[in-house]
């Protein structure tokens, strides 16, 4: 076969494979079997390998992945990838529709679309060829994930027409059937399960090895033109709906189940229709997007500081389903608290199968009258965390049993004690040598906000405890490389890296050490305040209840916990051994300036140019204080959408929405200023 015939066969195979992939992945109407498709694919791969001069960036073989990166490069978006204002009720949606009518002087026509629960990306094409893909990031700067996006079958590598330049926005998601199969395979392999399809999609798209991304079978819906032209001659369209139709002609898979609607009643009806079909869709959706269809009207209405004024995202209330409460199990936390967990008959809820939910404490169980054997109503708080909303007494058969907390710790067998944390009666194991507490206490000690020992996860900690190589956090600093290298799945290089991370943690400083010790009700903010007030561990040991109470964020209960903790013999032994191992008891860094002296900040959400930790360090360096909650002592409140809205407090309360709106309103009542 001469080169001309080879080129002709390669072109034919590429065209056939592209057509069959579209039929399979987009139309759900395959014409050939998987084996026949694989045979065509193998033949194309063989021809391309033997004839590299015929390589093409839009070949179906590119989708198998292969590039392995050391890191993702940053990409600055030329058009900001913003977010939408959330509304949580039909009343809020009506306000938006009324505002739009007031703005344009007539009843507006909207594009109503499902809000895909995935990861937002941009796709850039030059002369019709896909050249770059990036994550949304903070809206201004994302990450280059081009190689991983190439593995997605519904990302066209070459458009049907060679338009000079086009950048579109889409949502990468993991189909529900793929998610179920992935978690089933991970469970068989003993790997941690993904929480939901969105997390699975995000984790898959950010794999440095594109072959891993390819195996995850992600998909994408395109929903917006960011910049560029949809035609070779530069023609422009004036409606969003027309632009989506044109994108489909160019080869993109665009949002399904979209409609043009006019007026409030039509918007409500669309939301109801989409809500009824949500559970039957092949993908997760957590809401509906309602946006002005006319592009010229959008330009006239304009953009807000953080979000467009011409669109909102209606968020559906949490999905609720009934299931059976089969049993209640007890987990022992790092502070010894016994937490009851509901074991449920598996139920599919908001994209995942739920079989467990926390019951918090006995007061929660009694308040909701929850009994073993009950039919219960379950939802996901924030579409993520399973929780029991209520029991259904009307479905009781008489076989249900009231629950009583155990009198002895299920981990160590020692008698438990009752106390009150302010959130209802709690049952606590007071045995400091309790195995469950030891493991969770060390896991907290090494966590990111504490000593930040990277690579020391729960599996390694539990193995070290089981083998008797450690008994508490101080023992970590006695470990040698050989202690770790002999463990399962831990080679010499991994062991050396972990020893290096343990050694590096000695420089963490006093405030991180205080937080790492796991003192009840002492979080990162309180630990920083205590460290700043006393400056050394020795001074903290000498402090009285009154001394602790003088700190603004320390109440009477926390002060009592501190006194009790540092009076224990076990605490003195632990801290003495930590100091002897070289863990620094250094004074916290003195502020380098007093510009923000006396000012208290509360940071929330995502800041546009730095992390909250980085912002907190800058505030402290300038003499300011960072708090975790809004109060009358708060001077500045910002970050996330609120931060980008600067001083517009009324808009902040609206844009921040739902629970966040309550935070914003509380801040407004406290006369708190809003800053970025």
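The values are calculated or read from the model by the stated rules, or taken from the named source; none is laboratory data. Everything numeric in this text was worked out from a predicted model, so none of it was measured. All Cβ positions, even for glycine, are placed from backbone atoms using ideal geometry, and neighbour counts span all protein chains on display.
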* To do: Considering only segment 575-605, state which residues are buried (at least 16 other Cβ atoms within 10 Å of the Cβ), over 18 Å from residue 509 (Cα atoms) and modelled with pLDDT under 70.
  => 604
* To do: Identify, from the list 543, 528, the residue that is farther than 17 Å from residue 578 by Cα and without any contact (Cβ under 8 Å) to a residue 60 or more places away in the chain.
  => 543
* Would you be able to say whether some residue in segment 424-436 is crowded, with 18+ Cβ neighbours inside 10 Å and in contact with a helix residue (DSSP H, G or I) (Cβ under 6 Å, 6 or more places away or on another chain)? => no
* Sort out for me the helices (runs of 4 or more DSSP H) sitting completely within segment 445-517 that have 3 or more residues that are over 13 Å from residue 583 (Cα atoms) and within 30 Å of the chain's Cα centre (by Cα). => 458-466, 492-504
* Answer residue from segment 215-225, given it is under 25 Å from the mean Cα position of the chain (by Cα) and in a strand (DSSP E or B) and is surrounded by the most Cβ atoms within 10 Å (Cβ to Cβ) among those -> 220
* **From the options 237, 193, residue that is more than 27 Å from residue 257 (Cα to Cα), surrounded by fewer than 19 Cβ atoms within 10 Å (Cβ to Cβ) and touching a helix residue (DSSP H, G or I) at 6+ places or on another chain (Cβ under 7 Å)** => 193
* Asked: Only one residue in 151, 160 is surrounded by 22 or more Cβ atoms within 10 Å (Cβ to Cβ), under 21 Å from residue 11 (Cα atoms) and at pLDDT below 95. Which one?
  -> 151
* To do: May I ask you to verify whether residue 235 is more than 31 Å from the chain's Cα centre (by Cα), free of Cβ contacts under 8 Å to residues at least 60 places away in the same chain and either in the same structural domain as residue 129 (by TED's automatic domain parsing) or on the phi > 0 side of the Ramachandran plot (or both)?
  => yes
* Considering only segment 550-562, state which residues are surrounded by 15 or more Cβ atoms within 10 Å (Cβ to Cβ) and part of a helix (DSSP H, G or I). => 558, 559, 560, 561, 562
* Is it true that some residue in segment 292-311 is surrounded by fewer than 18 Cβ atoms within 10 Å (Cβ to Cβ), at pLDDT 90 or above and assigned to a strand (DSSP E or B)? -> yes
* To do: Tell me which of these residue 58 doesn't satisfy, since it passes every other one: (1) touching a residue at least 24 places away in the same chain (Cβ under 8 Å); (2) more than 24 Å from residue 211 (Cβ to Cβ).
  => (2)
* Could you please let me know if residue 392 is farther than 17 Å from residue 426 by Cβ and exposed (fewer than 14 other Cβ atoms within 10 Å of the Cβ)? => yes
* Asked: Which of (1) free of Cβ contacts under 8 Å to residues at least 40 places away in the same chain; (2) in a strand (DSSP E or B) is the odd one out, the single condition residue 246 does not satisfy?
  -> (2)
* Would you say residue 165 is touching a residue at least 60 places away in the same chain (Cβ under 8 Å), buried (at least 19 other Cβ atoms within 10 Å of the Cβ), on the phi < 0 side of the Ramachandran plot and not assigned by TED's automatic domain parsing to the domain that holds residue 352? -> no
* Asked: Of the residues 134, 181, which is more than 29 Å from residue 73 (Cβ to Cβ) and either in a helix (DSSP H, G or I) or in the same structural domain as residue 245 (by TED's automatic domain parsing) (or both)?
  -> 181
* Asked: Does residue 230 meet the test of being out of contact with any strand residue (DSSP E or B) (no Cβ under 6 Å at 6 or more places or on another chain), within 13 Å of residue 110 (Cα to Cα) and not assigned by TED's automatic domain parsing to the domain that holds residue 348?
  -> no
* Asked: For segment 251-280, how many residues meet the condition of being under 22 Å from residue 105 (Cα atoms) and either outside any helix (DSSP H, G or I) or outside the structural domain of residue 156 (by TED's automatic domain parsing) (or both)?
  -> 4
* Residues that are within 21 Å of residue 147 (Cα to Cα) and modelled with pLDDT of 90 or more: find the strands (runs of 3 or more DSSP E) completely inside segment 35-120 holding 1 or more of those. => 74-76
* Considering only segment 203-214, state which residues are assigned to a helix (DSSP H, G or I), farther than 30 Å from residue 241 by Cα and under 21 Å from the mean Cα position of the chain (by Cα). => 203, 204, 212, 213
